[in-house]
Every structure is written in C-alpha cells, then in structure tokens.
Amino acid sequence: QVQLVESGGGLVQPGGSLRLSCAASGITFSLYTMGWYRQAPGKQRELVAGITNGGSTNYADSVKGRFTISRDNAKNTVYLKMNSLKPEDTAVYYCNAHILSLNYWGQGTQVTVSS
C-alpha cells in the first residue's frame, strides 16, 4: 500500500519560514519523481516544485528563489523549505510521487501565512 504522509504545515507570519516533509512508503522511492503542489481556496491545484530521481529540480516562477525542494532517498522523504513566505502562499500543500503512468498523492498539509 502506497502512502505519502506530509507534515510541517502550520500558521506563520509573512516573511517567515516553514519546512514541509513528505515520507513515502510502499514505493521504490529513489525511482520516482517527487513534487509539491498546492491548492488555494477557489483555485486549481498547481505545481510548486519538483525533483527528479536524478536530482534535477524545477520551480514555479512564483516561488523561485524562496523555496527549495530536496530529497533524502535513504529516508524515503522529500522536503520543501519555504522562506520569505507571503500571504499568497497560503494553501493546502500536497506531496506527489510519479513514474510512468503511476501517480500518487498525499493527504495534504495546510500552510497559512498571516499576521
């Protein structure tokens, strides 16, 4: 059974930082491309950052220079370090794992940026 379990969300003030974690089980983690997506109320889910099995990364323009995605294959975990958070970063953040036609999602973790 595949499980992606996110953690690390919460309430933070503008300009603050958070680190999200996603622990995977039931998959050969090192083979998968991992990604973080987010969905704000009334908006479509969007890609925030992705990291391939080879370690190549890509980011949404809105988070470039502020967010960093990384992975630890020994711990089957992907991280999203978020700095200089803005109110518009408020959303539910979802972890994603995919390879070929296989696509898995976590349950999401809420990030709220507010003073």
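The values are calculated or read from the model by the stated rules, or taken from the named source; none is laboratory data. All of these numbers come straight from a predicted model, not from anything done at the bench. Virtual Cβ from ideal backbone geometry, glycine too; neighbours counted across all protein chains shown. With ligands, DNA and RNA removed, areas are computed over all heavy atoms of the protein, side chains included. Shrake-Rupley method; radii C 1.70, N 1.55, O 1.52, S 1.80 Å.
Some notes on this structure:
- Top-ranked residue of the range 68-102 - restricted to ones that are of a type in the set (Lys, Arg) and closer than 23 Å to residue 43 by Cα, ranked as surrounded by the most Cβ atoms within 10 Å (Cβ to Cβ): 81
- Positions within the range 71-90 being more than 11 Å from the chain's Cα centre (by Cα) and under 21 Å from residue 3 (Cα atoms), in sequence order: 72, 73, 74, 75, 76
- Checking each residue in the range 4-49 for being closer than 20 Å to residue 75 by Cα and free of Cβ contacts under 8 Å to residues at least 60 places away in the same chain picks out 21, 23, 25, 26, 28, 30, 49.
Here is a yes/no grid of residues against (1) open to solvent by less than 50 Å² (accessible area, probe 1.4 Å); (2) more than 13 Å from residue 91 (Cα to Cα); (3) within 15 Å of the chain's Cα centre (by Cα):
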site	(1), (2), (3)
10	yes, no, yes
14	no, yes, no
39	no, no, yes
59	no, yes, yes
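- Test: residue in the range 60-76 that is free of Cβ contacts under 8 Å to residues at least 24 places away in the same chain and among the acidic types (Asp, Glu): yes
- Test: residue 46 is of a type in the set (Asp, Glu), under 14 Å from the mean Cα position of the chain (by Cα), modelled with pLDDT of 95 or more and open to solvent by 20 Å² or more (accessible area, probe 1.4 Å): yes
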